[in-house]
Amino acid sequence: MNLLLAAVAILVAGGVVALWRDRGGPVAAVAGCVVGLVGAGRVLWTGATVSLRLPWNVPFGSFYVEADALSAFFLLPIFGLSALAAIYGGEYLAPWRGKKSLGAAWFFFNLLVASMAMVVLARNGVLFLVAWEVMALASFFLVTFEDERDDVRAAGWTYLVATHLGTAFLLAMFILLGRENGSLDFNRFTAGKAGLVFVLALIGFGTKAGFWPLHVWLPEAHPAAPSHVSALMSGVMIKTGIYGLLRVLTLLGPPPAWWGWTLIGVGLVSALVGIVFALAQRDLKRLLAYSSVENIGIITLGIGIGLLGMSTGLPVLAALGFAGALLHVVNHALFKGLLFLGAGAVLHATGTRDIEHLGGLLKKMPATAVTFLVGAIAISGLPPLNGFISEFLIYLGAFKGGVSASAAIAVPLLAVITGLALIGGLAAACFAKAFGVVFLGEPRSDHAAHAHEAGPAMRGPMLLLASGCAAIGLLSPLTLGVLTPVVSVLTPADVLWEAARPLTIISGAGIGVLVLIGVVALVRRRLLAGRSVGETVTWDCGYAAPTARMQYTGSSFAQPLTELFRPLLGTRKKFTPLAGYFPAPTTLTTDTPDVSRERVYRPVFGLVEAGLSRLRWLQHGNVQLYVLYIALTLLVLLVWKLS
Amino acid sequence: MMAFVHILFALVLAPLLLGVINRTKALFAGRNGQPLLQLYYDLAKLLRKGAVYSRTTSWVFRAGPIAGLAAVVAALAIVPFAGTGAPVSFAGDLVLFAYLFGLMRFFTVIAALDTGSSFEGMGASREVQFAALAEPVLFLALAALARRTGSLSLSGILGAVTPSEPVWALVAVALLVVLLAENARIPVDDPNTHLELTMIHEVMVLDHGGPDFAFILYGAALKLWVLGALLVGVVLPGENILLSLVAMLALAVVVGVIESTMARLRLLRVPQLLVGAGALAALALILVMR
Amino acid sequence: MNLELVLILVVLTNLKLLGSSRLGSSIRTVGVQGLLLGLLPLVAGHDLTARVWLLAAGGAVIKGVMFPWMLMRALRDAEVRREVEPFVGMLTSILIGIVALGASFWLGHRLPLPRPAGSLLLVPVALSAILMGLFLIVSRRKAVSQVLGFLVMENGIYVFGVGVVQETSLLVELGVLLDVFVAVFVMGIIIFHISREFDHIDTDRLSMLRDWKP
């Protein structure tokens, strides 16, 4: 515990120093994160829960922090990815030195990491909410780093409103829990009114995590933020929502079946809608943001399966579901962090996020391309990398339930399997598009043609993350040792060792595939040695002057799938048809706004605004009348309470 | 031990399946057709050649055929043949089986995009659409079988086949459609066309040549064998190796007959075909559930 | 040929109807379904008396031959071949069909019926045919498709009857057949006249016959 609190202290102190002196921000971030990692690792290694409780003269508040296996597990990606993002950010933010206050940026960065750690460690409602709010505000200021741009400002506002709406639900939830139990300390919470608490937690934490339809801030805020912040937000911050949901579940006792079904439904819909929208995007970071929605859906699916196992008395189902979800939390932090850092390198080198203006970057940025490819294969859930392992655990749980349980449970679980298969196929298509259109082929614009490789401070973290993906994929049985104590916080997890035995064979198969690749590559090299290996242009069917614009674009690549899901996407198409017989210029634009934003939030907020604007007459600007309002209210309250 | 013998059979006999298919199509067309061993001659010729690479491409292009071949050989180790277990068999290996094909497809698609040609891009985009729909059908069919036999491993499922029930017939038809879709056979794709508007698999490998193309052709033959072994295992119980080999050749003849009597579907119709196959698998699942 | 196999084939014909837009092949599919249903009394486990054979033969001829013939004639006169632009696309129709199938199985287990002789599949398959027939009527434009939907519904009711009624009552069967015969005959004539008058058989355009202006 001392180490963890020291880590938080180093982060905060370093942030203040950065604000004051405009130097030392990244160093303090890395130092704090390393100390924190050691502390979290120690908790997981020894398996002992450490806690500290200090009084605090806030009503109902106490400085009660505790690190059990669940908290320590979430601290791993928080500190790990933050350290790497800090190293990356040092070089990424360099072009703005002198034009913007980098000290402030690093202050908020360190504050964000410290507050995320406190959220995961807090065991008192007031402390939790304070840390949650600091996290929201720090990330808001980080998102609006480039606030001279209109779209960044709009994204910042969207994010602020969304996160506060979620926090409102959390406030209601904590008030409810406090009223039931008389105290806001987590260890005093019992399971009264569990259903209502669950729903409030679902909405409140779901807004932060990005469940559909509460996800509308994700595709706005993540692209607007600087890339190392996007990586942190997408890789770690939205997982604090998942952590909150899991922590509340541990406090509420045995779950009824509808909780599991609700989470499975929310997870499937979020995953499907997320990946379909990701396919339709041409902004690289927006694509990655929607893909985060998809992966949060998969994590929620795993949690739902775990809850289902708990409520129907199938311990294997419960253990596998939770294990898969938790492993996917770490995996997603790894590969989504990697992908966002890669996208940041691309943005840094070319100045654009629009994939239709990129292409051929693999030759200019080879290291970035390799790590991006590793991230793309991992996020598509393909063997032998880590995405497959966590999805396999969820599949295995669903299959075991589907094969042996009663029909009422088995049919929906098998529908889950079909849904996961569809989502996996769509994810592979989406990331083949992202990697292929950005890095392969010929450059489609001058920006891409003059790109340069990222510097060592940006490459290093990406390589580390890519190796992490490969390590978890090829050494997956070792993860069981870490997962079992964490899962046992939620449900008895001894069955996990036996049930997850296939992981050894899977990692073995992964190593086998890599060996086979090496063997075949060697065979080819032997075959081609001494023979002529020529170079020419791509087969162009005899066109006299092929250009890079003739390549398949990202939208064309995704068109069969976006056409298939057209009712879901609501794509708007503007096309001026040609009149007359001869060729002439014309334009076609397509636009895919977020469905829930257009159909749900915009009308609702419009109604609210229309209603509230009737009250505008109250804001007349006359100071005396305002003071009169205050005095009248005071009088009314006094009369009411004292009579 | 027997399991490794089966892998040897597959590695040696897979190109023969394509020869049988082509021979059947030729007989329907009233020709004599290619020799049955034509693919072997083609592979030998290709392996003796040098290579020509496009200047637009990079190591991704060179890695595509290799990764694809490695993935399908790994899938070969999971599929049982003639009722005896596969060398690699564990609970949930059907998930690894399906996703190994996903790995092969991913590398083929990015190798296609690497050429910077609109032909390959066209084929790649159609391929990912069909694959996104074919995978759920495969999972549904395998889930129905898993529920019926109570086993989560391909070796366990195919070791407990009772083909007299309608469930197995429905699943077999669904698996046949998946086989046709994954191996680019009519009615999903025409392996003999060379018009860029109609190619899917052919066009994705248009720029490969020499040993790379040999790996691709051999990988395609192995993929046909692997999915065919799965289908034959669903239809045929028992542990008779000779019968299973004859059944594989019969399957090749059936595919040839289908190719000769049907036309390729319009591209807009292929999702309907796949969803129809999914409906059959779902029906099988519902029948198993009660 | 056992009962389960016949029932599964009936479900497959229904799914094919949902997924097909060609009216000629749809009529033929309904004819095949009629033939299968003619076989139903023979395999349903009732005693094979001469009456049962007569019933089966009559049903097969009327449902499998006569109705398709009448509908093909109406189709030829109306000069349409395809159902273009139905309200619900083919892909979505098949998915809805699967959902209807699952719902029928779930409902079938919950209906408080005396246990049907023969097979546990009878009631779910009957329900699914009724639901899919209703769906065809709701989702297609051409009048011929609506007649087909009505026929599928009647087939479903017939399967239900075979399952629930222990002994085949000739009177009940004849009553149902007469009802359907009259319906198809009348509808065939109406379709012919509609197409002659308006040059099309799109039922959604019948709303143009309203007197008042909206």
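The values are calculated or read from the model by the stated rules, or taken from the named source; none is laboratory data. All values derive from a computational prediction rather than experimental measurement. Here Cβ is always computed from backbone atoms with ideal geometry, including for glycine, and neighbour counts include all displayed protein chains.
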Quiz item: Based on what the data block shows, is A:Leu464 part of a helix (DSSP H, G or I), more than 10 Å from chain B (Cβ to nearest Cβ), closer than 20 Å to A:Leu81 by Cα and in contact (Cβ under 8 Å) with a residue 12 or more places away in the chain?
Solution: yes
Practice problem: From the list A:Gly460, A:Gly441, A:Gly455, pick out the single residue that is crowded, with 22+ Cβ neighbours inside 10 Å and small (Gly, Ala, Ser). | Solution: A:Gly441
Quiz prompt | Which listed residue is over 30 Å from B:Ala146 (Cα atoms) and surrounded by 17 or more Cβ atoms within 10 Å (Cβ to Cβ), from B:Phe28, B:Phe61 | solution = B:Phe61
Exercise. Consider A:Ser270 carefully, then state whether it is more than 19 Å from A:Gly166 (Cβ to Cβ), of a type in the set (S, T, N, Q) and under 13 Å from the mean Cα position of the chain (by Cα).
Key: no
Self-check item: Lone qualifier among C:Ile62, C:Ile98 - being at pLDDT 80 or above and either part of a loop (DSSP other than H, G, I, E, B) or within 14 Å of chain B (Cβ to nearest Cβ) (or both)
Solution: C:Ile98
Practice problem: From C:Pro116, C:Pro124, grab the single residue that is within 14 Å of another protein chain (Cβ to nearest Cβ), within 25 Å of C:Leu177 (Cβ to Cβ) and at pLDDT below 85. | Solution: C:Pro116
Quiz item: Considering segment A:193-226 alone, what residues qualify as being part of a loop (DSSP other than H, G, I, E, B) and under 15 Å from A:Arg597 (Cβ atoms)?
Solution: A:Gly210, A:Phe211, A:Trp212, A:Pro213, A:Leu214, A:His215, A:Val216, A:Trp217
Quiz item: Taking segment B:229-249, which residues are farther than 17 Å from B:Leu76 by Cβ, surrounded by 15 or more Cβ atoms within 10 Å (Cβ to Cβ) and among the small types (Gly, Ala, Ser)?
Solution: B:Ala247
Exercise. For segment A:443-450, state whether one or more residues are among the polar types (S, T, N, Q) and farther than 28 Å from A:Ser270 by Cα.
Key: yes
Quiz prompt | Residue list for segment A:192-240, filter: without any contact (Cβ under 8 Å) to a residue 40 or more places away in the chain and crowded, with 22+ Cβ neighbours inside 10 Å | solution = A:Leu200
Quiz item: Do the conditions hold for B:Leu140, that is, is it buried (at least 24 other Cβ atoms within 10 Å of the Cβ), more than 16 Å from the chain's Cα centre (by Cα), in a loop (DSSP other than H, G, I, E, B) and among the aliphatic types (A, V, I, L, M)?
Solution: no
Quiz item: Got at least one residue in segment A:529-543 being more than 8 Å from chain B (Cβ to nearest Cβ), at pLDDT 85 or above and within 25 Å of B:Gly219 (Cα to Cα)?
Solution: yes
Quiz item: Exactly one of (1) among the polar types (S, T, N, Q); (2) under 38 Å from the mean Cα position of the chain (by Cα); (3) away from chain B (no Cβ under 14 Å) is unmet by A:Thr586. Its number?
Solution: (2)
Exercise. Could you please give the count of residues in segment B:128-164 that are at positive phi and either in contact with a strand residue (DSSP E or B) (Cβ under 6 Å, 6 or more places away or on another chain) or of a type in the set (Lys, Arg) (or both)?
Key: 0
Quiz item: So B:Val173 fits all but one of (1) within 10 Å of chain A (Cβ to nearest Cβ); (2) surrounded by fewer than 22 Cβ atoms within 10 Å (Cβ to Cβ); (3) within 21 Å of B:Arg269 (Cβ to Cβ); what number is the exception?
Solution: (1)
Quiz item: Before we move on, is B:Phe139 among the aromatic types (Phe, Trp, Tyr) and within 9 Å of another protein chain (Cβ to nearest Cβ)?
Solution: yes
Quiz item: Listed residues A:Val520, A:Val489, A:Val513; which is buried (at least 16 other Cβ atoms within 10 Å of the Cβ), of a type in the set (A, V, I, L, M, F, W, C), farther than 30 Å from B:Ala44 by Cβ and modelled with pLDDT of 85 or more?
Solution: A:Val489
Exercise. Search segment C:13-36 for residues that are touching a residue at least 60 places away in the same chain (Cβ under 8 Å) and pair each with any residue that is among the acidic types (Asp, Glu) and not in a helix (DSSP H, G or I) when their beta-carbon atoms are under 9 Å apart and the residues are at least 6 apart or on different chains.
Key: C:Ser20/C:Glu83; C:Ser21/C:Glu83; C:Arg22/C:Glu83; C:Leu23/C:Glu83; C:Ser26/C:Glu83
Quiz item: With (1) at pLDDT below 90; (2) surrounded by fewer than 22 Cβ atoms within 10 Å (Cβ to Cβ) as the list, and B:Phe119 as the residue in question, which single condition is left unmet?
Solution: (2)
Quiz item: Among the residues of segment A:53-85 satisfying the criterion of being among the polar types (S, T, N, Q) and touching a Lys or Arg at 6+ places or on another chain (Cβ under 9 Å), which is modelled with the highest pLDDT?
Solution: A:Ser71
Quiz item: For segment B:209-290, list the helices (runs of 4 or more DSSP H) that sit wholly inside it and hold at least 3 residues that are within 15 Å of the chain's Cα centre (by Cα) and away from chain A (no Cβ under 14 Å); which are they?
Solution: B:211-235, B:241-261
Quiz item: Can you find a residue in segment A:506-526 that is of a type in the set (D, E, K, R), at the interface with chain B (Cβ under 10 Å from one of its Cβ atoms), more than 42 Å from the chain's Cα centre (by Cα) and within 30 Å of A:Gly473 (Cβ to Cβ)?
Solution: yes
Quiz prompt | Selected residue [over 22 Å from A:Ile78 (Cα atoms) and touching a Lys or Arg at 6+ places or on another chain (Cβ under 8 Å)] from A:Leu362, A:Leu358, A:Leu288, A:Leu308 | solution = A:Leu358
